[in-house]
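Just below is one structure, and these are the notes that go with it.
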Amino acid sequence: MFTGRIGELGAIEQIKGDVLHVRAPKSADRVHDGGSACVNGVRLTVRPVDGLLEAVLSTETRRRSTFDALAAGDPVNVETPLQVGDPLDGHLVQGYVDAVGKVIRIDDEGGARRIWLRPPQRLLDRLLAKSPIALDGVSVTIAEVLRDRISVVLLPMTRSATTLGDLKAGDRVNLELDLVGRLAEKAHPSAVGKALPRLPWAGRVDGRSGVEKVLRQLAAGGGVIVWDPETEGEGDVIFAGARLRPESFTFLLTEVCGFPAVPCAPEVLRRLEIAAMPGEGDRQGTAWSIPVDLAAGTGTGVSAAERAATVRKLADPDATAKDFLRPGHVFPLAARPGLLADRSGHTEATVALCAAAGLPPVGVCCEVMNPDGTMAGSADLEVAALRWGMPVVDMADLKAWL
Ligand SMILES: O=C(CO)[C@H](O)[C@H](O)COP(=O)(O)O
């Protein structure tokens, strides 16, 4: 049994026929002849020889892991078995590869790095956000599970102590499910049992626990739907500005189809010197502000990538007035100072949700419009939420629990 805490960054010394030699002196000192070591997430029976770990690779191991592509000189993550009294700092890892996934994208987020991976669908269906997974033997937490991909966030320490720091788009990685999750699946073998853990994330959620699920979804970069039956009779998809990806903006424009606007806390707009739009305002008292573009942009400011970059800059606590051109194509809205206590608008709901999720008080909201151009009602929102894998929460619940 292993923990996914890498003891040593080793290197492939040579692969000759089916015999593998890994240079890993620290690990070689700890294992005995016929003992095991976990190399890039694969449990191997090893023999220590002069600072090397020697192992015989079966065809099965090569076929089911990335070992088919390893070559001399490649760095590898090495862990020796957990011993009684060792700290269980990661999670329980067995060194059995469930599937090989592909890195499809890497986003640097300040000091952290988000790795997007596409596992095979059969594995993806079994993964849960905020649960552990072993990536080339390294214990990491799944940040998000989307329709066709997952993301994990790597801190600098993990990047420097393991091979994960060198991952690039196109690389393949060995994936192992969390043992506890695997056992829980056994306890609920029916299709309903398998679907249950996913259900709370999609469709109507209520009460305090519903609001907490919504906050977790936003913090992980996902979208949520807020239904306002009282004032507007409309539902908006909301994303946190600091976590907004270009794909999410494309989704708003092509699937949600309303008018994307960017609710901001009033102090953000004051700091960025973004003035209110002149005029009486609309019937709902929405506080429109002068639209902006990112000054550092090079295009028209309209593409999803450019608008998402403008939103992320609005959410950046270090942004200044000079970072924006006026007028532009991204429409900030000013939230009332008391947020939902002052006004039950999607503007205030967006800002209150971002703040409660521990993020800068800036987000995007966009009304859900049906394909026939009418605004989505409660039943339409339920259907859309299940299709998009999003929770729907009522404005009244946000007022009660935020
Ligand atoms: O753009 C809008 C209305 O004009 C949107 O409905 C948006 O949801 C924010 O507005 P409000 O705070 O009034 O709900």
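The values are calculated or read from the model by the stated rules, or taken from the named source; none is laboratory data. Since this is a predicted model, take the numbers as computed values, not measurements. Ideal geometry is used to build each Cβ from the backbone, glycine not excepted, and the neighbour counts take in all protein chains shown.
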The conditions are (1) within 14 Å of the ligand (Cβ to nearest atom); (2) among the small types (G, A, S); (3) surrounded by fewer than 21 Cβ atoms within 10 Å (Cβ to Cβ), and A261 fails exactly one of them. Which is it? (3)
Within the stretch 331-355, residues outside any loop (DSSP other than H, G, I, E, B) and in contact with a Pro (Cβ under 6 Å, 6 or more places away or on another chain) come out as L333, A334, T347, T350, V351, C354, A355
Sole exception among (1) hydrophobic (A, V, I, L, M, F, W, C); (2) touching a helix residue (DSSP H, G or I) at 6+ places or on another chain (Cβ under 8 Å); (3) outside any loop (DSSP other than H, G, I, E, B) for I6, by number: (3)
So is V268 within 13 Å of the ligand (Cβ to nearest atom) and within 26 Å of the chain's Cα centre (by Cα) or not? no
Keeping to the stretch 80-108, report how many residues are over 21 Å from S131 (Cα atoms) and in a strand (DSSP E or B). 1
Counting only residues that are more than 21 Å from D148 (Cα to Cα) and modelled with pLDDT of 90 or more, the stretch 196-229 contains a total of 6
Just checking, does the stretch 316-327 include any residue being within 16 Å of the ligand (Cβ to nearest atom) and in contact (Cβ under 8 Å) with a residue 12 or more places away in the chain? no
If you go through the stretch 275-285 one residue at a time, do you hit one that is more than 13 Å from the ligand (Cβ to nearest atom), among the hydrophobic types (A, V, I, L, M, F, W, C), in a loop (DSSP other than H, G, I, E, B) and farther than 21 Å from E367 by Cβ? yes
Considering each of G301, G358, G373 in turn, give the residue that is on the phi > 0 side of the Ramachandran plot, touching a residue at least 60 places away in the same chain (Cβ under 8 Å) and part of a loop (DSSP other than H, G, I, E, B). G358
Mind checking whether some residue in the stretch 32-43 is buried (at least 19 other Cβ atoms within 10 Å of the Cβ), basic (K, R) and not in a strand (DSSP E or B)? no
Residues being out of contact with any Pro (no Cβ under 9 Å at 6 or more places or on another chain) and either surrounded by fewer than 16 Cβ atoms within 10 Å (Cβ to Cβ) or not small (G, A, S) (or both): count how many of those fall in the stretch 296-309. 5
Conditions: (1) away from the ligand (no atom under 12 Å from the Cβ); (2) at pLDDT below 95; (3) surrounded by 18 or more Cβ atoms within 10 Å (Cβ to Cβ). E247 meets all but one. Number of the miss? (3)
Lone unmet requirement of (1) in contact with a helix residue (DSSP H, G or I) (Cβ under 8 Å, 6 or more places away or on another chain); (2) surrounded by fewer than 16 Cβ atoms within 10 Å (Cβ to Cβ) for K322: (1)
Pairs under 9 Å by beta carbon, first residue closer than 19 Å to A134 by Cα in the stretch 32-56, partner part of a strand (DSSP E or B) and of a type in the set (K, R), six or more apart or different chains? S36/R43; A37/R43
Boolean, A379 is surrounded by fewer than 20 Cβ atoms within 10 Å (Cβ to Cβ) and part of a helix (DSSP H, G or I): yes
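Could you check the stretch 73-116 and list, in sequence order, the residues that are closer than 20 Å to A220 by Cβ and in contact with a helix residue (DSSP H, G or I) (Cβ under 9 Å, 6 or more places away or on another chain)? Talk me through it step by step, then tell me what you get.
The first filter runs over the stretch 73-116 and keeps only residues closer than 20 Å to A220 by Cβ, leaving 91, 101, 103-116.
The answer is H91, G101, E109, G111, A112, R113, I115.
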Tell me the residue from D74, D50 that is at positive phi and not basic (K, R), please. D50
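Quickly run through the stretch 20-78 and pick out the residues that are among the hydroxyl-bearing types (S, T, Y) and out of contact with any Lys or Arg (no Cβ under 7 Å at 6 or more places or on another chain). Even if it seems obvious, please write down each step before you answer.
Going through the stretch 20-78, the residues among the hydroxyl-bearing types (S, T, Y) turn out to be 27, 36, 45, 58-59, 61, 65-66.
Passing the criteria: S27, T45, S58, T59, T61, S65.
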Residues that are touching a Ser or Thr at 6+ places or on another chain (Cβ under 7 Å) and either within 14 Å of the ligand (Cβ to nearest atom) or within 23 Å of V311 (Cβ to Cβ) (or both): does the stretch 346-364 have at least one? yes
May I ask you to list the residues in the stretch 59-81 that are within 23 Å of V31 (Cβ to Cβ), more than 27 Å from the chain's Cα centre (by Cα) and of a type outside the set (V, I, T)? E60, R62, F67, L70, A72, G73, D74, P81
Limited to the stretch 224-241, what total is found for residues that are surrounded by fewer than 24 Cβ atoms within 10 Å (Cβ to Cβ) and more than 12 Å from the ligand (Cβ to nearest atom)? 1
